[in-house]
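A short worksheet on the structure shown next.
Read the figures in this text as sums done on the coordinates, not as results from a lab. Since the structure is predicted, the reported quantities are computational estimates derived from the model, not experimental observations. So basically every Cβ, Gly included, is an ideal-geometry build from the backbone, and we count neighbours across all protein chains shown.
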There are 4 protein chains.
Amino acid sequence: MYSFKNDYSDGGHPLLIEALATTSGQMTEGYGEDHYCKQAAALIREQCGKPDGEVHFISGGTLTNLTAISSFLRPHEAVISAASGHIYVHETGSVEATGHKVFPVDSPDGKIYPEQITRVVAEHHFEHMVKPKLVYISQPTEIGSLYSKTELQDLRSLCDALGLYLFADGARLGSALSSKANDLSLPDIASLCDAFYIGGTKNGALFGEALVICNRALQLEFRYMMKQRGAILAKGRLMGLQFKRLFEDGLYLELADHANRMASLMQQGIVDAGYEMLFHSPTNQIFPVLPEELVLRLEKEYQFYRWETLDDSRIVIRLVCSWATDQEAVESFLSSVSRN
Amino acid sequence: MYSFKNDYSDGGHPLLIEALATTSGQMTEGYGEDHYCKQAAALIREQCGKPDGEVHFISGGTLTNLTAISSFLRPHEAVISAASGHIYVHETGSVEATGHKVFPVDSPDGKIYPEQITRVVAEHHFEHMVKPKLVYISQPTEIGSLYSKTELQDLRSLCDALGLYLFADGARLGSALSSKANDLSLPDIASLCDAFYIGGTKNGALFGEALVICNRALQLEFRYMMKQRGAILAKGRLMGLQFKRLFEDGLYLELADHANRMASLMQQGIVDAGYEMLFHSPTNQIFPVLPEELVLRLEKEYQFYRWETLDDSRIVIRLVCSWATDQEAVESFLSSVSRN
Amino acid sequence: MYSFKNDYSDGGHPLLIEALATTSGQMTEGYGEDHYCKQAAALIREQCGKPDGEVHFISGGTLTNLTAISSFLRPHEAVISAASGHIYVHETGSVEATGHKVFPVDSPDGKIYPEQITRVVAEHHFEHMVKPKLVYISQPTEIGSLYSKTELQDLRSLCDALGLYLFADGARLGSALSSKANDLSLPDIASLCDAFYIGGTKNGALFGEALVICNRALQLEFRYMMKQRGAILAKGRLMGLQFKRLFEDGLYLELADHANRMASLMQQGIVDAGYEMLFHSPTNQIFPVLPEELVLRLEKEYQFYRWETLDDSRIVIRLVCSWATDQEAVESFLSSVSRN
Amino acid sequence: MYSFKNDYSDGGHPLLIEALATTSGQMTEGYGEDHYCKQAAALIREQCGKPDGEVHFISGGTLTNLTAISSFLRPHEAVISAASGHIYVHETGSVEATGHKVFPVDSPDGKIYPEQITRVVAEHHFEHMVKPKLVYISQPTEIGSLYSKTELQDLRSLCDALGLYLFADGARLGSALSSKANDLSLPDIASLCDAFYIGGTKNGALFGEALVICNRALQLEFRYMMKQRGAILAKGRLMGLQFKRLFEDGLYLELADHANRMASLMQQGIVDAGYEMLFHSPTNQIFPVLPEELVLRLEKEYQFYRWETLDDSRIVIRLVCSWATDQEAVESFLSSVSRN
């Protein structure tokens, strides 16, 4: 059954597997100290316009988030996250497991706004409360929305004023960067965030995220923290090779662009068929609001998640496209939606 | 320069990459809930003779160790490890980072003996001290030695008597299982240990360890613990595929056997050339004791680690063979050793 | 300046200090293993109707909460707390520092209701989310309200149905037990909660809370956990002596009754003077809503906390009475309120 | 039965209880922000010659150690301790429970020597191992021996050279300071250590240790860490009052001097009776080596700990004197030893 459940249902883009295959017999240093990792890191630093940034490759998003956040904070320091933030909801308390409170703020659109941060910081004013120190955002957010350049600049200014770190979870950063609605370049993000990661897993890689630590003070002895959390892969070069391949000729954006276009096609088709969206998504996840009988019918042919049931019994579903999404499948799906 | 530094210098066995390549376009469930993981787990359960065992795939050894141990223990419970144990020495305090003391016992040969455990437990007799609860062993040990069946049975009996868990780190379990000196089968290990892992990374896999939880009480909600530690890979099937391939027709043992034979060849050749071994190794790591001038000469042609400098200035080096080790390279190395 | 800031401004009730003074020369076992602790524990078990309960004395509330909760839970298990709960707001993330997420639910009246718990548990349905396992309530709540017997019974039934622990923070339990609005006896609480603590610090003790672990499964090796968290006092008998004195002839309730009566007097007087309460408090904390000019005037004569500023600029203040509150001071305060 | 088991069998010195009694009715700020704590801190800063030191009062030694150490270190940083160090042996893994490895070094005399530290640091040379960062010593050591001024200066120099913190556990610091064998003043200790604590519990206080943080970088936001670990006492003034009383007219040293003199008397008497000491102790704990029949006889009249059984069946016992030790009891004990 064709799946629109997520963007990690596949097994990695053929070009990346080819890169692994053609180099498999080579002997290199282990633990990410090989030349492929170095080349990939150099490419990323260059494309981020961040010559003094540090790039580390970690096998997945949760492991990246928990390793980075627990390295950056002292024990009494806390994270501010959208209530819909991945670390708050869907990582089994992994940040709290390293000792840090994650403080949620309401986020109907998945985003955090400066006044919310200001209020949280003001409320946490003495040593009987945690000290908010890091703002965790996702770009795009967990529901596919995007921070604009102005919004990110405002967050940065506020973080500077309040002494906070700004950390961006870029599990789907490719989708953000290649969205038509986006006005934030990779150098913008690198100059505005203390650290962020460029997701590989959800954009064609077999696995791997590239964590970019921009703030030099946060770079200190980070590999110790990685090893302690089990985040140094023995054959680290496998990630270096993939990110090198993704970033050497624009493949990373190309794959994300395909995912976005397929999602956009679906979104437009569903709207054209007369249905609403929970909101208009500019990235590779869309959230149609459909009557239950239609959802039931679609579930017989396709895999996807039910997201939420509205008060009027209509159902919000989530459809995710990826680099691997087949345009014919999209068109068939739209036919099913329109069919009566 | 040819490397005998370790058994994870390569990029994965071609057959495993092929398995990944031929399935890359398929869509499956994420997070290790796909049919490849299920097939691989079934194969492993069967070959372990453990139908009620649970098998989980985790990307590396440190992450496996810390996730398993922190799941099995209550906060005041501690681990007994050889002073040379990987978790004690070379995982950056990853177990302690989850809150648990690792108590070291002397281990000239890399192994732990019952009387040591008995003594540690006797000494930790009240609530002002941690409570030893888990015995961590490695098979083979970090210096390549092996527990015999009798030794493992004795540890098991003692653990039963004292209420301890027995956990075996099998990062190089293939090398143990296929060693000529070995008398412990996979079912033996599965029946004697509460949990252990079968290392893939150091035996041809791109990455991945198969954790087998034999003790049913320790299986409860283990995937929560995996997710919390960042140990659930989104495209979990990549490990399922590899372990399926490794275990469906004996490839796992075949690769390890090659590594052992190459190491044995080197060991014999070096002894024949008139040098001592730190001890006779039955597995894929060997520890020749060489004069410094020879070491200096060999370092110009080969990569390997210096292990230790003895009092008489002779140097112990570590040579590691793997599934990928080339017999010609071994023979060239031996020529270099013998050349004067 | 007379203080209504809190109920721990004093230095301990004279009868308790006398008990310490008259026994100071005696030699006893350390670490709470003396006969005073045993006698106090026996009194508490008896008055709780819980002969198989375990009683432990710990120097303060935060230390009690973090030690108990981290002992009761496995790493992936989480706490449900009112958003106003002390552990969520005012303990600097102490529970998270032991690795556990605290999940907040809205609580305008300081209390948690069954439907909130049901919803949180339903929402946390798989291993990508924490597993709610313990419900943390405070009796009285942080804003002085009380759970009724029916309410606590309903929470217990739900916890049984959902497999949750019920833990009550009784920092001000005396004030609850002696409130005119209360219908929950100490045996009720002991039979309905898995564990709870009887606060000494805020009811006349120099320091010390009596943790009662009712659920036998949670008693196992608890003193190990106490020692690990620094919660075993060397001269533990100091707490045993105080709790013995408080519980041997009803002093505990007598002191709390005085605090409640003084608070009630203040509350009535302020209402009589024409002002509103944020809500009617049945315990020793009251929350008058006053115009700012009155607050400013009162601040020149008395110490108390501003709690909140309402939209119409009126200010909610918190006034706390204790066993030590002087009725004359209360009357003077009321005169000041009424004076024009 | 008269006890020589420890120096915390009593209930606090009468003068300290009197200080608590005479002030019990006063109302002060809570949480250690009262004027008694300020006065006590000022006295200690002055007597330490450390005007910019920070002084915090914490209810016990384990809580002080774990709060301080976990505040000072980043997650991958570790502690070097004597294998006999209190945090390594007798605090139930409390430091590991905060995530930090404690690395033991052999210490027949309870002390750590520079060459041991140098070796541990040299061995821990890369990110696969913890990074040693804090040296934990006890003054006096757990077996009553003392660091000399030269020894402490050497440790300081080495710590400076290697970038390590030096932390001294002064649970029995009074006994060290007033020992005839001591040449280290309080200002010496304060100038040589990054932090240390002055033990109250084992020198007459009801409870309480005064942590002195000398290194200004380590002072930052320490009260947050205290609150998070449950180490801020609500009625903090109780410790302020006691330390004020202990330090305002030399009472602290006077009490310790009595303990030392009583211990010295016992030691001399036992030697005069023809028995050996495990070693000659200059502080308030002594370790006689006695035949078992004598030990059995003494156990009928006195309480004390058996420390160790020697190979020749002789038994080492530990006798501890305190400010409260009665000279007549000492003399009776010595009579019992000599009696045949």
- Considering chain D as a Gaussian network with a 10 Å cut-off on Cα pairs, which listed residue, D:G93, D:G170, D:G144, attains the greatest mean-square fluctuation? D:G93
- Message: Assume the label is 7 Å from Cα along Cα to beta carbon: what separations in nm does D:D326 have to the matching positions in the other copies?
- Response: 4.2, 8.7, 9.4
- Which trypsin sites (Lys or Arg not before Pro) does region D:176-250 hold that lie in a coil by DSSP with at most 13 other beta carbons within 10 Å? D:K180
- Message: Given axes a ≥ b ≥ c from the Cα gyration tensor, I'd like to know whether chain C is rounded (a/c under 1.5), prolate (a/b larger than b/c) or oblate.
- Response: oblate
- Note on the structure: Taking chain A, the lysine pairs whose C-alpha atoms sit under 17 Å apart (8 or more places apart or on different chains) add up to 13
- Note on the structure: Under a Gaussian network model of chain C whose springs join Cα atoms within less than 10 Å, the largest fluctuation of C:A122, C:A42, C:A181 belongs to C:A122
- Message: Once you place label points 7 Å from the Cα toward the Cβ at C:D160 and D:A161, how far apart are they in nm?
- Response: 6.9 nm
- Query: Are there any helices in chain D, counted as whole DSSP H runs, that stretch 27 Å or more along their axis by Cα and score at least -0.5 on average by Kyte-Doolittle, and if so which?
  - Reply: D:251-272
- Item | 7 Å along Cα→Cβ, label-point gaps from C:Y275 to other copies, nm, shortest first | 5.8, 7.0, 8.8
- Within-13-Å neighbourhood charge of D:G60 [Cβ basis; K, R +1; D, E -1]: +2
- Note on the structure: Sorted by chain and then number, the residues having a modelled amide H within less than 5 Å of the amide H of D:V135, at least 5 places away or on another chain, are D:I80, D:Y165, D:L166, D:F167
- Task: Please list, in chain and number order, the residues 5+ apart from C:I198 or on another chain whose amide H is under 5 Å from its amide H, with Hs placed from the backbone.
- Result: C:A210, C:L211, C:V212
- Considering only C:P282, C:P114, C:P140, give the residue with the highest GNM mean-square fluctuation for chain C, with springs between Cα atoms whenever their separation is below 10 Å. C:P114
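Pull up the DSSP beta bridges for the protein assembly as shown and report the antiparallel fraction as a percent, rounded to 5. It would help to have the intermediate numbers written out before the result.
Values: 80 of 152 bridges.
Around 55 percent of the beta bridges assigned by DSSP in the protein assembly as shown are antiparallel ones.
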- Sort D:L246, B:L20 so that the residue with the fewest other Cβ atoms within 10 Å of its own Cβ comes first and the one with the most comes last. B:L20, D:L246
- Message: At 222 nm, what value in deg cm²/dmol follows for the protein assembly as shown if DSSP H runs of at least 4 each add -39500 (n - 2.57) and the sum is divided by all its residues, to the nearest 500?
- Response: -12500 deg cm²/dmol
- Query: Counting only the backbone N, which residues of region A:273-294 are under 19 Å from the spot 7 Å out from the Cα of A:D312 toward its beta-carbon?
  - Reply: A:273-280, A:287-294
- Query: Once you sort the root eigenvalues of the Cα gyration tensor of the protein assembly as shown as a ≥ b ≥ c, which label holds: rounded (a/c under 1.5), prolate (a/b larger than b/c) or oblate (the other case)?
  - Reply: oblate
- Query: Average partner chain C-beta neighbours within 10 Å, per residue of C:118-128?
  - Reply: 3
- Query: So what J values fall out for region D:49-60 if you push phi through Karplus, 6.51 cos²θ - 1.76 cosθ + 1.60 with θ = phi - 60°, rounded to Hz, Gly and Pro as x?
  - Reply: x, 9, x, 9, x, 10, 10, 10, 9, 10, 6, x
- Message: Suppose we consider the axis relating copy A to copy B; can you name the residue of A with the nearest Cβ and state that distance in angstrom as an integer?
- Response: A:S59, 2
- Query: Placing a label point 7 Å from Cα toward Cβ, how far apart in nm is B:H125 from its equivalents in the other copies, listed shortest first to one decimal?
  - Reply: 4.2, 5.4, 5.6
- Rounded, prolate or oblate: which fits region C:46-153 when a ≥ b ≥ c are the square roots of the eigenvalues of the alpha-carbon gyration tensor, with rounded for a/c under 1.5 and prolate only if a/b beats b/c? rounded
- Message: Apply the Karplus curve 6.51 cos²θ - 1.76 cosθ + 1.60, θ = phi - 60°, to the phi angles in region D:223-228 and return the couplings in whole Hz, x for Gly and Pro.
- Response: 5, 4, 5, 4, 4, 4
- Query: Which whole-Hz ³J(HN,Hα) couplings does region C:201-207 yield from phi under the Karplus relation 6.51 cos²θ - 1.76 cosθ + 1.60, θ = phi - 60°, glycine and proline marked x?
  - Reply: 3, 8, 9, x, 6, 5, 5
- Query: Between B:M1 and B:E293, what length in nm is gained on full extension when 0.36 nm per residue of separation is reduced by their alpha carbon distance?
  - Reply: 103.2 nm
- If amide H atoms are modeled at 1.01 Å from N in the peptide plane, then the residues at a separation of 5 or more from A:E276, or on another chain, having amide H under 5 Å from its own are A:V289
- Quick one: net charge of B:H124's neighbours, Cβ under 11 Å, K/R +1, D/E -1? +1
